[in-house]
């Protein structure tokens with residue numbers, strides 16, 4: 001994990017001596033620069049030499065000396081970042097995303113120039129608190145510097161990454177520090193989820209999921225319970241057990257609990273922890289199968305969000321369940337046509353063994369509702385390829401039985417810069433998963449595949465307010481952004497954190 005250290009440097013910009021000082025420039029409707037007087041002087045000096053117009057995402061990297069007043073700035077480089085026009089008129093979520101993207105662009109400059117210490121000369125935007133500006137810039141930089149190199153040979157002479165960010169032009173250090181810490185909690189949790197997803201299938205198994213949760217519980221005084229295969233058999237968790245039949249590695253249901261003294265509400269998170277998905281008997285094509293190590297991104301997001309919950313200690317109780325196994329086609333593997341019995345007694349006919357995520361989530365949902373009586377449930381899973389056909393790699397699919405929960409999640413996702421798009425639940429889709437030989441079947445054909453998968457889960461939640469996030473299109477190969485790396489994005493981690501903050505405020 002590479003999370004830079006944050007130092008609040010105060011207002012004395014001229015005393016910063018690091019590798020790079022970043023300043024921000026906006027423009028008014030007449031293309032006049034909106035920036036610090038010194039930066040305006042620098043830009044005037046370069047007029048005609050550099051085509052810098054302060055457009056959104058535009059950059060200009062300068063080397064000392066920056067102006068005739070050679071003694072004013074002591075930094076080695078000055079990076080000017082354009083914020084575009086009418087920035088004060090942006091909606092809050094639009095401004096936050098613009099700042100995150102700017103932070104990601106700064107991270108790219110740091111990597112290219114192998115910079116270890118930078119300063120952010122906080123911009124001034126009418127009506128926006130400096131602490132908010134600092135938070136989202138730092139969040140963008142922190143998300144943008146991420147790299148996964150656990151299995152690469154380490155060279156001591158290689159670039160070690162960005163180590164320190166100094167915040168300059170700060171008037172209220174205490175408020176800025178508090179707000180930036182919230183941004184860093186988002187960064188830490190997202191980097192944790194990306195790390196888990198990047199691990200290969202032989203290095204991240206149900207045992208590793210359980211070990212991570214246990215370590216997290218020990219570090220933050222949470223409660224961790226791991227339900228093993230024998231207990232699953234006693235409880236009748238036929239979905240998890242069925243998916244696991246072809247594997248030599250036993251399944252686990254990992255439960256992590258955060259409980260304040262007098263919780264006002266209980267939120268239950270359920271994340272799909274499918275550590276590798278071959279498709280089982282309904283074998284996937286070889287092309288792209290190596291990406292199926294990412295099929296546990298829902299479980300990774302849920303557990304990573306618990307790290308931020310433990311740090312911030314909201315007033316709500318948060319329960320996280322991760323049903324975990326892989327889906328292999330060994331000699332004992334479940335077959336198309338088999339019938340299983342879920343926790344609670346619902347029977348299901350298996351039409352396609354590659355529709356396995358809903359089987360393990362169903363048991364976790366039914367068990368969690370009975371044991372913890374949550375007020376709200378959010379499950380998240382790389383569940384269907386159909387959601388990619390519907391929404392590409394740009395939006396997470398959202399389906400819910402509750403309007404209030406839907407709005408709260410949409411607001412949280414917008415704030416986090418992780419857009420969702422609601423798809424309908426309807427009895428017409430539920431009819432597609434009715435079985436002739438069991439209560440339900442695990443596929444409803446190709447039409448409406450994302451919705452019929454959600455209707456399968458809907459069967460197990462009753463009237464409890466519930467939302468399902470299908471992250472199959474956004475968990476990796478996500479929309480290109482400066483702060484999103486290739487590979488796993490860590491999607492939904494920040495959405496969950498923002499939602500819990502709001503409910504637990």
How much mean residue ellipticity at 222 nm does the chain get from its helices, if each DSSP H run of length 4 or more adds -39500 (n - 2.57) and you divide by all residues, to the nearest 500 deg cm²/dmol? -11000 deg cm²/dmol
Relative contact order of the stretch 192-503, pairs being alpha-carbon contacts under 8 Å that are 6 or more residues apart, as %: 21 percent
Output ordering of 114-122, 445-453 (per-residue mean of other Cβ within 10 Å, highest first) is 114-122, 445-453
Ranking of 133, 306, 1 by count of other Cβ atoms within 10 Å, fewest first: 1, 133, 306
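For a test of the definition: using alpha carbon positions, the gyration tensor, and the 1.5 limit on a/c, classify the stretch 289-359 as rounded, prolate or oblate.
oblate
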Taking every eigenvalue of the Cα gyration tensor of the stretch 241-298, multiplying by 5 and rooting it, what semi-axes result, largest first, whole Å? 32, 14, 8
Which ordering of 265, 126, 293 is given by a fewest-first count of other beta-carbon atoms within 10 Å? 126, 265, 293
What do you get for the angle between helix 297-312 and the principal long axis of the chain? Use alpha-carbon atoms, 0 to 90 degrees, nearest ten. 60 degrees
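When DSSP beta bridges are limited to those with both residues in the chain, what percentage is antiparallel, rounded to the nearest 5?
Beta bridges within the chain, antiparallel portion: roughly 40 percent.
Mind running the shape call on the stretch 368-413? Use the C-alpha gyration tensor, a ≥ b ≥ c as the square roots of the eigenvalues: rounded below 1.5 for a/c, prolate if a/b tops b/c, oblate otherwise.
On the way: a/c = 3.00, a/b = 1.63, b/c = 1.84.
Judged from the Cα gyration tensor, the stretch 368-413 comes out oblate (a/c at least 1.5, b/c at or above a/b).
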May I ask you to order 231-238, 218-225 by the average number of other C-beta atoms within 10 Å around their residues, highest value first? 231-238, 218-225
Separation of the stretch 224-259 and the stretch 446-461 by C-alpha centroid, Å? 22 Å
Counting pairs of alpha carbon atoms under 8 Å apart in space and at least six apart in sequence, what relative contact order in percent does the stretch 420-505 give? 18 percent
Relative to the longest principal axis of the chain, what angle (0 to 90°, nearest 10) does the C-alpha long axis of helix 173-198 take? 50 degrees
State, as an integer percentage, the relative contact order of the stretch 233-343 based on alpha-carbon contacts under 8 Å between residues 6 or more apart. 49 percent
Using alpha carbons only, how many degrees (0 to 90, rounded to 10) separate the axis of helix 357-372 from the longest principal axis of the chain? 90 degrees
List 16, 52, 96 from most exposed to least, where exposure is judged by having the fewest other Cβ atoms within 10 Å. 52, 16, 96
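Just so you know, all these numbers are worked out from the coordinates, no wet-lab data involved. Every value quoted in this text rests on a predicted model; they were computed, and no experiment measured them. In this analysis, Cβ positions are derived from the backbone assuming ideal geometry, glycine residues included, and neighbour counts consider all displayed protein chains.
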